[in-house]
Amino acid sequence: KQWYQRRVRGNYYPLTGMEESVRQQLVDDHFLFMSGDRNLTVAGMERDWPEGRGIFHNKDKTFLVWVNEEDQLRIISMEKGGDVLGVFKRLARGIQTVGDSVKAE
């Protein structure tokens, strides 16, 4: 069931019950949903709704999945440098892995 442990290897951090040190590290990495966004507040999507929200990233922090931030699911592959093919292959692998997990549910 835990797709991220089988093929993408990393950790999922749910907003509910998140330790402050983990939250601060995710903010410092620019990965955590930004609190205080006026548009999110007006839309009722600010932190009043932590259940079912979170972020996954691999150990290298080059593959991320945001769950229920502005989108229901946002999948990101990135890295410094010019290896566009490597970034794309990681993205394709990650999308396939997420899809396989959803189908298995």
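The values are calculated or read from the model by the stated rules, or taken from the named source; none is laboratory data. Bear in mind the structure is a predicted one, so any value in this text is a computation, not a measurement. Heads up, the Cβs are rebuilt from the backbone with ideal geometry, glycines too, and the neighbour counts pull from every protein chain shown. Each accessible area value is taken on the protein alone, full model and side chains, heavy atoms only, with ligands, DNA and RNA left out. Shrake-Rupley method; radii C 1.70, N 1.55, O 1.52, S 1.80 Å.
Tabulated values for the structure
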quantity	calculated
Which numbered condition Val84 misses (of (1) modelled with pLDDT of 90 or more; (2) open to solvent by less than 80 Å² (accessible area, probe 1.4 Å))	(2)
Given (1) assigned to a helix (DSSP H, G or I); (2) within 12 Å of the chain's Cα centre (by Cα); (3) at pLDDT 75 or above, number of the condition Tyr13 does not satisfy	(1)
Pairs with Cβ under 8 Å, 6+ apart, first in the range 77-103 and in contact (Cβ under 8 Å) with a residue 40 or more places away in the chain and outside any loop (DSSP other than H, G, I, E, B), second surrounded by 14 or more Cβ atoms within 10 Å (Cβ to Cβ) and of a type in the set (Gly, Ala, Ser)	Gly94/Ser77
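Residue-by-condition table, conditions (1) closer than 29 Å to Ala92 by Cα; (2) open to solvent by 70 Å² or more (accessible area, probe 1.4 Å); (3) at pLDDT below 75; (4) assigned to a helix (DSSP H, G or I):
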position: Gly17; (1), (2), (3), (4): no, yes, no, no
position: Gln25; (1), (2), (3), (4): yes, yes, no, yes
position: Phe31; (1), (2), (3), (4): yes, no, no, no
position: Met34; (1), (2), (3), (4): yes, yes, yes, no
